[in-house]
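Beneath this line is the structure, given in structure tokens, with notes to follow.
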């Protein structure tokens with residue numbers, strides 16, 4: 001039977017205010033939120049900061065058209081594939097310790113990538129960046145969940161998190177464009193170095209020391225290797241369909257190998273004597289399963305749309321890198337506005353309603369993007385759909401995180417956070433691989449603005465279709481819940497977005 005959890009009747013709700021807000025004893029909630037915000041901004045920015053610089057990176061290092069996508073895939077694959085291990089490590093070895101180590105790895109990889117001299121070096125550096133991000137992201141999100149366990153403070157904390165998460169992704173395009181045009185594409189890598197150093201210093205000061213960890217066996221490293229290798233092989237098989245058709249022996253063998261590795265991952269998780277990477281029973285919770293399926297599709301749509309629009313502005317409309325980045329600013333502002341609106345609506349509407357509405361609104365914006373033309377302009381082809389899609393995307397961010405971590409045992413919050421981040425990054429990589437290949441096939445060998453426009457338009461339309469599918473998942477999988485009404489008392493209350501969710 002489904003059980004509805006309610007913060008007004010739970011033991012947690014009877015605790016004093018400072019105990020509910022500061023779930024991380026010895027830490028400073030405000031500074032912890034600031035540290036998590038800086039970390040999330042940096043991680044999100046690095047997913048998009050290279051997009052505008054891709055043409056210059058290709059020219060400078062000699063990437064092929066299809067090979068260029070691996071600048072994005074290398075980061076997304078290691079990030080997504082190792083997030084579960086990162087979450088488990090945060091639960092086992094301490095969130096602060098894993099956060100600091102991940103920031104150090106991320107900063108060093110960014111520095112090395114900026115000095116890359118050939119495609120292999122840059123792709124390798126991006127892969128190591130992903131490893132650092134896989135440690136940082138779940139540790140930071142688990143800290144946020146434990147520091148703000150319920151109440152109005154949780155709503156605001158997740159609102160801040162979602163705003164900086166979205167702003168990092170959107171402003172990354174602007175920052176990348178300015179750096180590429182006025183400095184060098186190498187600075188899209190170097191820019192993360194001072195951010196990682198600043199986040200490390202802030203986290204060192206703000207985050208409380210971890211309590212003694214509970215260690216129930218060794219982490220399942222084999223599971224992490226199998227998951228990452230399986231996903232990487234799957235992406236490789238999809239990306240190479242421009243050279244080897246879907247029915248070719250090479251493609252079929254590659255995809256079969258990916259399926260075998262992923263099946264082995266599931267088997268290992270069910271039978272391992274070590275601490276499983278992810279407890280498969282988590283997926284019995286419809287909120288967790290639905291949120292991650294939703295996030296998978298949203299990740300694929302957003303990564304593909306950013307990629308296509310960056311290339312459309314530069315290669316079809318002939319816009320320079322800096323101006324292209326500036327033209328993404330309305331999208332960034334729209335996402336922030338949508339995130340703030342989600343906080344306001346979070347007290348009146350159920351999370352499921354916000355996910356459906358936000359997904360459909362973003363889909364409408366991407367469908368509008370799909371009408372781009374070779375002789376289009378920023379005002380007619382970019383500005384309007386940017387506003388519609390970005391506000392819709394902002395509406396989704398806070399609710400999806402809150403739903404995916406609600407009802408999860410405290411010792412599994414890192415794993416649940418890693419799972420949510422993983423579904424987003426895996427979706428990004430698979431979505432870009434599939435939609436990028438489809439767009440490339442539509443374009444063919446021609447490099448004229450008309451041919452490129454046709455490919456990008458198709459990719460953007462398919463991105464809209466992914467978001468419609470995500471909204472359907474929210475409608476069908478997630479249970480209906482009551483809007484979280486405000487408490488009648490005079491205390492801090494105002495239930496969090498996730499305070500009333502159905503769990504199995």
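What follows is calculated from the coordinates using simple rules that are stated; it is not laboratory data. Keep in mind that what you see is a predicted model, and the values were worked out from it rather than measured. With ideal geometry, Cβ positions are generated from the backbone for all residues, glycine too; neighbour counts draw on all protein chains shown.
General remarks:
- Förster-model FRET efficiency, 35 Å R0, residue 266 and residue 201, C-beta, rounded to 0.05: 0.30
- Distance (nanometres) between label positions extended 7 Å along Cα→Cβ at residue 451 and residue 373: 2.2
- Residue 441-residue 250 pseudo-label distance in nm [points 7 Å out on the Cα-to-Cβ vector]: 1.6
- Computed extension length for residue 477-residue 273: 70.2 nm, one decimal, from 0.36 nm per residue of separation with the Cα-Cα distance subtracted.
- Sorted by Cβ neighbour density within 10 Å, fewest at the top, the residues 424, 442: 442, 424
- One decimal place: the segment residue 121-residue 218 gains 31.7 nm when fully extended, by the rule 0.36 nm per residue minus the C-alpha distance.
- Each of 401, 36 was scored by other Cβ atoms within 10 Å of its Cβ. Arranged with the fewest first, they read 401, 36.
- The shape of segment 220-276 comes out prolate: with a ≥ b ≥ c from the C-alpha gyration tensor, a/c is at least 1.5 and a/b beats b/c.
- Cβ-based exposure ranking for 310, 423, in which fewest neighbours within 10 Å come first: 423, 310
- One decimal place: the segment residue 112-residue 344 gains 79.3 nm when fully extended, by the rule 0.36 nm per residue minus the C-alpha distance.
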